[in-house]
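**Student:** Dumping the structure here so I can ask a few things about it.
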Amino acid sequence: MDNMTFGQRLEYTMSNRKRRKRELADSIGYDASSLSKWCHDESEPRLTAIMSLCKEVKCSADWLVFGKR
């Protein structure tokens, strides 16, 4: 699990919290297409989006960005 990418950690966390992409994207004020790109490591979110994601899926930024627990 330590070798996961940002997108893999995001999808893993979303799955554990039973959050759908569209629902999560709406709750943080982004398009579902943006969230999908983040999940597939096609682009990286801004810091404000990362903080919103962490709040919504209840994880730390260290875990989501760097994989540190």
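Every number in this text was worked out from the coordinates using simple rules, so none of it is lab data. Everything numeric in this text was worked out from a predicted model, so none of it was measured. Note that each Cβ is placed from the backbone with ideal geometry, even for glycine, and that neighbours are counted across all protein chains shown.
**Student:** Explain nothing, just the number: dipole magnitude of the chain about its Cα centre with +1 on each Lys and Arg Cβ and -1 on each Asp and Glu Cβ, in debye rounded to the nearest 20. Mind showing how you got there, number by number?
**Tutor:** On the way: 13 positive and 10 negative charges, 64 e Å.
Here the chain has a charge dipole of around 300 debye.
**Student:** Rank S36, S15, S52 by mean-square fluctuation in a GNM of the chain with C-alpha springs under 10 angstrom and give only the top-ranked residue.
**Tutor:** S15
**Student:** Express the relative contact order of the chain as a whole percentage, based on alpha carbon pairs under 8 Å and six or more residues apart in sequence. Display every interim value, and only then the final one.
**Tutor:** Working: 60 pairs, mean separation 27.4, N = 69.
Dividing the mean separation by the residue count of the chain yields 40 percent.
**Student:** Now a separate question. Please compute, over every Cα-Cα pair in the chain, the percentage with a separation greater than 18 angstrom.
**Tutor:** On the way: 552 of 2346 pairs.
The proportion of pairs with Cα distances above 18 Å equals 24 percent.
**Student:** Rank S36, V57, L47 by how far each Cα sits towards the positive end of the charge dipole of the range 16-57 (+1 on Lys, Arg Cβ; -1 on Asp, Glu Cβ) and give me just the farthest.
**Tutor:** V57
**Student:** How much length is gained if the chain between D26 and M4 is pulled fully straight, taking 0.36 nm per residue apart and subtracting their Cα-Cα distance, in nm to one decimal? Let's see the in-between values first.
**Tutor:** Numbers: separation 22, 0.36 × 22 = 7.92 nm, distance 2.50 nm.
In short, 5.4 nm is gained.
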